[in-house]
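Input: a single structure, listed below in structure tokens.
Rule-based calculations on the coordinates, nothing more; no lab input. Keep in mind that this is a model prediction, so the values were computed, not measured. As a convention, Cβ positions derive from the backbone with ideal geometry for all residues, glycine included, and neighbour counts pool all protein chains shown.
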Amino acid sequence: MIRNADVYDLKAIVKLESKIFGQTLGYSFLKQELLENEFSRMYVYIVNDKIVAYISYRQIDNNADILNFLVDIPYQGQGIGKALFEHVLLDMKVSGVKSVILEVRTTNEKAIAFYQRYGAEIITIIPNYYKKIDGYLMYMEVK
């Protein structure tokens, strides 16, 4: 089940970010995004009352920037990420989003291939974007 995230989800989201990425945007940042940033959207994917995936993005005018997107390791490869991402793309389209940018580690081949299936292209390399790991800036149009 996909639903809007709420403040009670944030501890689980922070825990997942730490597990998957080895770092987190942080509880305070996520709380501010969720409660105070009118441009921010956050969704969770629930399986058996447990958050197993989440995505957050900011929309400004007809552009969106994906802040974070993850699926917990035991749930990867089951279509959960696809369902969540397509839900968000539809949400973006309804909201008038025409283009999306996102950043991804240059070493994250699965994520790069995932985004490329949706038409995302690598625009440039961002040196040391993830501490000591370079990031790709990717761009895609919402269709």
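Structure notes:
- Value of relative contact order over the chain, rounded to a whole percent, pairs C-alpha under 8 Å and six or more apart: 17 percent
- Taking packing as the residue-averaged number of other Cβ atoms within 10 angstrom, the listed peptides 100-106, 123-129, 3-9 run from highest to lowest as 100-106, 3-9, 123-129.
- Diffusion coefficient, µm² s⁻¹, Stokes-Einstein with Kirkwood Rh over alpha-carbon pairs of the range 1-142 at 37 °C and 0.692 mPa s: 213 µm²/s
- Cα→Cβ-extended label distance, 7 Å offset, between residue 76 and residue 35, nm: 3.3 nm
- In plain terms, the chain from residue 3 to residue 110 could stretch by 36.1 nm, reckoned as 0.36 nm per residue minus the Cα-Cα distance.
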